[in-house]
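For reference, the structure discussed in these notes is given below.
The values are calculated or read from the model by the stated rules, or taken from the named source; none is laboratory data. Not measured: the values here are computed from a predicted model. With ligands, DNA and RNA removed, areas are computed over all heavy atoms of the protein, side chains included. Shrake-Rupley method; radii C 1.70, N 1.55, O 1.52, S 1.80 Å.
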Amino acid sequence: MPHEDERYETAKWRTLWLMVGFAVLVGVGIVTVLRPELEDEPDESVPAEMGEIGAGEGPEADHALQE
């Protein structure tokens, strides 16, 4: 009578578990690399015009010109 730990595993099941393990590792790698990159993305709720204000077009420029 075969013991439970001496059970034969087919190559199909070993391959399946290796693929599952590899998928988990790839998923962890993607999450750890992409999460900081996505957090560094600029917020798109801010209008693009706000970033395009030149040096002489802001409210500070009016004050500097009056002096």
**Study point:** Residue that is least open to solvent (accessible area, probe 1.4 Å), among those in the stretch 6-28 that are of a type in the set (Ser, Thr, Tyr) and outside any helix (DSSP H, G or I)
**Key:** Thr10
Check your understanding: Assuming Pro36 fulfils every condition listed in (1) open to solvent by less than 80 Å² (accessible area, probe 1.4 Å); (2) modelled with pLDDT under 75 apart from one, which condition is it?
Key -> (2)
